[in-house]
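For reference, the structure discussed in these notes is given below.
The values are calculated or read from the model by the stated rules, or taken from the named source; none is laboratory data. Computed from a prediction, not measured in an experiment: that's the story for all the values here. Positions of Cβ are backbone-derived with ideal geometry, glycine not excepted, and every protein chain shown enters the neighbour counts.
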């Protein structure tokens, strides 16, 4: 058996100057809160020509490509996922424990447990004005059955 080797086309490496890179990074991390002129000034371009430089840079395909790729990387890093959420809660909890505030860390530990599915809260709301105890017991029984059905349905969906 012979194996064919598939050669991948190498993506051309686009090099940016240091000032171009600073311009792009400033735009990416201040997205929606800055202008091209402000980014050009911050990158080190002359304040007199910053408006023109910012416009010219944004028409440059290398700059556009870099901003698109870098923005995607940054946005992916800040995406709210279960993993990122749990990691953030763990970091906050650990900081409190390190500072000796163990009681304050319990709230974060609860959030971590809920997010990872280690435990869940079940609340039963019953009308206390019900005239008959049997009605209340029947309602509690109905709610428990609904909860058990929900749990089994959830388990079936996960499988």
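Being modelled with pLDDT of 80 or more and in contact with a helix residue (DSSP H, G or I) (Cβ under 8 Å, 6 or more places away or on another chain) holds for only one residue in 51, 65, and it is 51. Annotation note: of 84, 75, the sole residue that is touching a helix residue (DSSP H, G or I) at 6+ places or on another chain (Cβ under 9 Å), at pLDDT below 80 and within 21 Å of residue 29 (Cβ to Cβ) is 84. Where helices (runs of 4 or more DSSP H) fall wholly inside the range 60-120, the ranges with 3 or more residues that are over 30 Å from residue 36 (Cβ atoms) and not assigned by TED's automatic domain parsing to the domain that holds residue 25 are 82-98, 102-115. Residue 98 meets the conditions (1) within 30 Å of residue 30 (Cα to Cα); (2) modelled with pLDDT of 85 or more in every case but one. The failed one is (1). Restricting the range 128-159 to residues that are farther than 28 Å from residue 110 by Cβ and either surrounded by 10 or more Cβ atoms within 10 Å (Cβ to Cβ) or within 40 Å of the chain's Cα centre (by Cα) (or both), the residue that is modelled with the lowest pLDDT is 130. With respect to the conditions (1) at pLDDT below 90; (2) in a loop (DSSP other than H, G, I, E, B); (3) touching a helix residue (DSSP H, G or I) at 6+ places or on another chain (Cβ under 6 Å), residue 45 falls short on a single one, namely (1).
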